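A.B. asks: A single structure is presented below for examination.
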Amino acid sequence: MEVKGQRKCRNCKEFFTPDARNATRQHYCSKPECRDTSKKAAQQKWCNKNPSYFRGQLNVQRVGSGAASILVTGRIIRN
Ligand SMILES: [Zn+2]
């Protein structure tokens with residue numbers, strides 16, 4: 001049953017009380033797996049808003065320079 005001021009987590013579907021300072025934007029509870037999902041969703045949203053951020057000549061040079069690069073996906077690519 002929903003208590004006033006509570007919100008349903010988008011990941012685990014359980015009700016939680018959002019932080020008062022961030023009540024309108026918080027959609028995930030504080031469980032580690034839900035925070036992880038929230039982080040991934042936020043990063044994906046950011047990448048969708050900034051599609052050209054990791055593209056372009058500068059990044060081609062950076063990735064091709066031989067240095068290990070950490071991509072958005074968290075994978076480490078070694079050249
Ligand atoms: Zn949750």
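Bear in mind that the values in this text are calculations on the coordinates, not laboratory data. Model, not experiment: these values are computed from the prediction. Cβ atoms come from the backbone with ideal geometry, glycine included; neighbour counts cover every protein chain shown.
A.B. asks: For a label point 7 Å from the Cα of Tyr53 along Cα→C-beta, name the residues of segment 18-47 whose backbone N is under 15 Å from it.
C.D. replies: 39-47
A.B. asks: Place a point 7 Å from Cα of Arg7 in the direction of its Cβ. Which residues in segment 26-50 have their backbone N less than 19 Å from it?
C.D. replies: Inside the label zone: 26-46.
A.B. asks: Taking amide hydrogens as modeled 1.01 Å from N in the peptide plane, which residues meet the under 5 Å criterion relative to Phe15, leaving out close sequence neighbours?
C.D. replies: Those qualifying (amide H under 5 Å, at least 5 residues apart or on another chain) are Cys9.
A.B. asks: Reachable lysines from Lys45, Cα under 28 Å, same-chain residues fewer than 8 places away excluded?
C.D. replies: Correct list for Lys45: Lys8, Lys13, Lys31.
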